[in-house]
Amino acid sequence: MNKTAEQRKAADVRADVIEPADLQRGDIVLFGPDGTLGAWLIQIATWSHYHHVAIYDEHGKIIQAMPSGVDWGQLTHPHLIGLRPRVEEQQRIQADEWARSKIGDRYDHRGLFLIEFDRFFPGLRLDNPPANRFSCAVFVAEAYKSAGVDLFPKQRWQDLVPGDFADLAAGPLPKRTHDNWPPVFPNRF
């Protein structure tokens, strides 16, 4: 178990694993391997099985921070899981409303570089993320923070990666999310 997983065990907020067909507004969507080079590079750079995280909006759509900026996307990924934080439904809806208000904001391209740099040089901080620029993980965490829910109270937000959201799960994650995972870090998952 890594340090962030240990920190998460102490967090107050847990999340139930939700089937994709049962997603509701404000649920968290976590994306597993999809075989693309970009996803694989993110998984390696973040030492995580997961390469992306987003907020479920409704009608099969997600709101996500992508390199092109914050936008809507279709829920078509073959390896995803849903997480429903154990908070009031209204807080999940508020998180989704905040996410909607950020459509068009910019992506934080420096985020992955800074995370990777910190892994090799712990404690040396180059920069803080600018306002209204998001990595996918910071975007989702900020959405919940805007609704009064700090999903990661003991972790610097600049260090969040998609895999951190898996640690919120109150139960085991579905095995299908681990299909086709390259065995790069076999003892971490």
Among the residues of segment 71-96, the number that are under 19 Å from Gly38 (Cβ atoms) and either out of contact with any strand residue (DSSP E or B) (no Cβ under 9 Å at 6 or more places or on another chain) or modelled with pLDDT under 90 (or both) is 6
Across (1) under 17 Å from the mean Cα position of the chain (by Cα); (2) at pLDDT below 55; (3) over 20 Å from Ala54 (Cβ atoms), His178 clears everything bar (3)
For Phe189, the lone unmet condition from (1) assigned to a loop (DSSP other than H, G, I, E, B); (2) modelled with pLDDT of 55 or more; (3) more than 14 Å from the chain's Cα centre (by Cα) is (2)
When segment 40-83 is checked residue by residue, the ones that are of a type in the set (Asp, Glu) and either assigned to a loop (DSSP other than H, G, I, E, B) or closer than 15 Å to Leu23 by Cβ (or both) are Asp57, Glu58
Out of (1) without any contact (Cβ under 8 Å) to a residue 60 or more places away in the chain; (2) surrounded by 15 or more Cβ atoms within 10 Å (Cβ to Cβ); (3) out of contact with any Leu (no Cβ under 6 Å at 6 or more places or on another chain), the one Gly38 does not meet is (2)
Here the qualifying pairs (Cβ atoms under 7 Å; residues six or more apart or on different chains; first in segment 132-152 and in a loop (DSSP other than H, G, I, E, B); second among the polar types (S, T, N, Q) and surrounded by 18 or more Cβ atoms within 10 Å (Cβ to Cβ)) come out as Ala147/Gln94
Counting only residues that are closer than 20 Å to Asp105 by Cα and of a type in the set (Ser, Thr, Tyr), segment 42-82 contains a total of 2
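The values are calculated or read from the model by the stated rules, or taken from the named source; none is laboratory data. Just so it is clear, the structure is predicted and the values come from calculations on it, not from any experiment. Cβ sites come from the backbone with ideal geometry, for glycine too, and all protein chains shown count toward neighbours.
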